[in-house]
Amino acid sequence: PTDSNTVYSAGFYGTIQRSDMATGETVGVVPQPEAGEPAFRGQWVAPFIISPHNPRIIYHGMCFLFRSMNRGDSWERISPDLTYNNPDNYGDIPYQTLFSIAESPFQFGQIYVGTDDGRVWRTDDSGGNWHEINRGLPYGKWVAELVASKHVEGTVYMAQNGKRDDDFMPYLWKSTDFGENWTSIVANIPSGPINVIKEDPQNPDLLYVGTDLGVYVSLNGGAEWHALPGGNLPSSFYQDLVIHPEEDIMVAATHGRGVWAMDVRPLQAMTPEVMSEPVHVFDPGTTQLPQGFRGAGGSAAIQYWVGSPARQALIQIRDSSGSMVQEFSGPGEAGMQAVSWNLTRGTPPAEGQGGRARAVRVQPGTYSVIVTVGNASSQAEIVVVQ
């Protein structure tokens with residue numbers, strides 16, 4: 001987070017690399033066993049995190065948890081084997097390994113660890129003492145994700161996954177007491193398996209979940225879930241989600257259907273008051289004109305909430321004088337909807353020339369967008385810059 005040229009990446013079976021994007025140099029920084037010690041077991045893609053307290057500190061999980069204070073140049077083992085370590089379960093692909101790591105943003109050295117054979121642990125003193133925190137959890141379910149809340153100290157989220165045992169139920173948990181007790185927040189998620197859960201960096205009530213089928217969003221801390229609106233977002237296995245802490249863009253990684261991104265600012269702005277309105281237009285913010293008429297970009301995303309549905313919505317764009325710039329229709333179904341304005345104004349053909357209207361690129365300025373659904377309307381401003 002403090003040096004964009006430094007990038008860490010995982011390889012197979014616990015390997016980890018550090019790359020310098022300025023020079024192109026890549027070095028392996030994986031922990032190594034002592035002479036005569038058995039090889040460490042590392043997941044197919046083993047977990048590693050950068051400490052939220054110091055970007056030079058890295059944690060890396062194999063069958064043990066390792067910590068590096070110097071970007072991976074050297075490592076110290078800060079845990080015993082945290083798996084069941086049952087030799088009967090060994091195979092060609094390493095198993096009984098760490099799969100998820102999270103460090104509390106509030107307390108350095110308070111670390112949560114989950115394993116692929118269903119064990120969950122917490123240390124409050126950088127590995128000096130470990131406490132197993134699996135009370136009430138199903139036995140042996142793969143810990144797919146642990147998230148230590150950045151909003152509320154002691155709140156932890158966890159996704160478990162049973163598909164490798166032909167169990168396709170969704171398992172999703174929340175603890176408010178550092179993992180001592182867990183409450184299911186699966187609610188109405190229709191099916192599993194759940195692969196990832198993330199907390200929004202701005203809105204503490206906004207949660208995101210990726211399953212084998214799609215992405216779900218909760219606006220109330222997990223009490224209720226909605227399928228993520230996305231239009232062309234594919235139904236696929238979602239392996240990871242990242243919400244950029246400054247740009248408010250969610251990036252979703254699928255297994256085999258590419259990487260997708262969307263602006264989550266409207267989701268962050270969703271409140272009970274907004275959801276009670278018949279229609280609500282979210283702030284579109286600033287949009288930049290392309291360089292040249294056929295330049296890249298050149299559209300403004302308009303997102304709106306429909307509480308009282310109709311057959312369709314009417315979208316009007318007006319300039320600062322109130323004159324009509326563009327008018328078109330959009331979906332009027334209940335829920336969050338999105339349309340795009342191409343930053344043009346419709347102009348009629350010259351008198352006597354006939355033909356179709358020409359689209360003319362608008363000038364920089366402030367424009368109003370009015371969305372009408374049924375008898376209700378909502379308005380916001382779009383700032384267009386050169």
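The values are calculated or read from the model by the stated rules, or taken from the named source; none is laboratory data. Source: prediction; values computed, not measured. Counting neighbours? That spans all protein chains shown, and the Cβs are built from the backbone with ideal geometry, glycine included. Surface accessibility is based on the protein's heavy atoms, side chains included, excluding ligands, DNA and RNA. Shrake-Rupley method; radii C 1.70, N 1.55, O 1.52, S 1.80 Å.
If you take all C-alpha pairs in the chain, what percent of them are over 38 Å apart?
In whole percent, the long-distance tail amounts to 32.
Relative contact order, percent, of the range 1-154 when contacts are C-alpha pairs under 8 Å separated by at least 6 residues?
Result for the range 1-154 is 15 percent.
Relative contact order for the chain using alpha-carbon pairs under 8 Å, separation at least 6, rounded to a whole percent?
Details: 959 pairs, mean separation 27.1, N = 386.
Result for the chain is 7 percent.
Given R₀ = 22 Å, what would the calculated FRET efficiency be for Arg135 paired with Glu224, taking r from the Cβ atoms and rounding to 0.05? Before the final figure, lay out the partial values.
On the way: r = 26 Å, r/R0 = 1.17.
E between Arg135 and Glu224, to the nearest 0.05, is 0.30.
So what does Thr23 come to for accessible area, using a 1.4 Å probe and Å² rounded to 10?
100
Taking a probe of 1.4 angstrom, what is the accessible area of Phe12 in Å², to the nearest 10?
110
Averaging sequence separations of C-alpha pairs under 8 Å and six or more residues apart, then dividing by the length of the range 114-174, give the relative contact order as a whole percent.
Dividing the mean separation by the residue count of the range 114-174 yields 25 percent.
Which three semi-axes in whole Å describe the equivalent ellipsoid of the range 86-154, each the square root of 5 times a Cα gyration tensor eigenvalue, listed largest first?
Equivalent-ellipsoid dimensions as semi-axes: 24, 12, 11 Å.
Output the peptides 41-49, 361-369 sorted from most to least packed, where packing is the average of other Cβ atoms within 10 Å over each peptide's residues.
The most tightly packed comes first, giving 41-49, 361-369.
Assuming a ≥ b ≥ c are the square roots of the Cα gyration tensor eigenvalues, decide whether the range 61-196 counts as rounded (a/c under 1.5), prolate (otherwise, with a/b larger than b/c) or oblate.
Details: a/c = 1.94, a/b = 1.15, b/c = 1.68.
In terms of gyration-tensor shape, oblate.
Where a ≥ b ≥ c are the square roots of the eigenvalues of the C-alpha gyration tensor, would you call the range 126-183 rounded, which needs a/c under 1.5, or, failing that, prolate if a/b is larger than b/c, or oblate?
prolate
Computed FRET efficiency, Cβ-Cβ of Ala376 and Phe106, R0 45 Å: what is it to the nearest 0.05?
In this case the efficiency is close to 0.55.
Using the Karplus curve 6.51 cos²θ - 1.76 cosθ + 1.60 with θ = phi - 60°, work out ³J(HN,Hα) for each residue of the range 52-69 in order, rounded to whole Hz, and write x for Gly and Pro.
So the Karplus estimates, Gly and Pro as x, are x, 9, 7, x, 7, 9, 10, 10, 9, x, 10, 7, 10, 9, 10, 10, 10, 9 Hz.
Need the C-alpha centroid separation for the range 187-227 versus the range 73-131, integer Å.
After rounding, the separation between the Cα centres reads 25 Å.
Could you check the spin-label model distance between Asn232 and Ser368? Points 7 Å from the Cα along Cα→Cβ, value in nm.
For Asn232 paired with Ser368, the spin-label model returns 3.3 nm.
Using alpha carbon centroids, what distance separates the range 1-61 and the range 244-289, in Å?
32
Kindly identify the range 156-260 as rounded, prolate or oblate by the Cα gyration tensor criterion: order the square roots of the eigenvalues as a ≥ b ≥ c, call it rounded if a/c is under 1.5, otherwise compare a/b with b/c, prolate if a/b is larger, else oblate.
Oblate is the answer for the range 156-260, as a/c is 1.5 or above yet b/c matches or exceeds a/b.
Show that you can apply the helix-only estimate: for the chain, add -39,500 (n - 2.57) for every DSSP H stretch of four or more residues, divide by all residues, and state [θ] at 222 nm to the nearest 500.
Computed mean residue ellipticity for the chain: -500 deg cm²/dmol.
Treating cross-link reach as a plain straight distance, find the lysines whose alpha-carbon is under 22 Å from the alpha-carbon of Lys150, omitting any fewer than eight places away in the same chain.
Answer for Lys150, where 22 Å is the Cα cut-off: Lys174, Lys198, listed by chain and number.
In µm²/s, what is D for the range 1-55 at 37 °C and 0.692 mPa s, where D = kT/(6 pi eta Rh) by Stokes-Einstein and Rh is the Kirkwood radius from Cα pairs?
Values: Rh = 12.7 Å.
The Stokes-Einstein estimate is 258 µm²/s.
Counting only protein chains, not ligands or nucleic acids, how are Trp225, Trp173 ordered by accessible area (probe 1.4 Å), most first?
Descending accessible area places them as Trp173, Trp225.
In terms of solvent-accessible area of protein heavy atoms at a 1.4 angstrom probe, what is the ranking of Ser236, Ser4, highest value first? Can you show the working numbers first?
Details: Ser236 10, Ser4 110 Å².
Solvent-accessible surface, decreasing: Ser4, Ser236.
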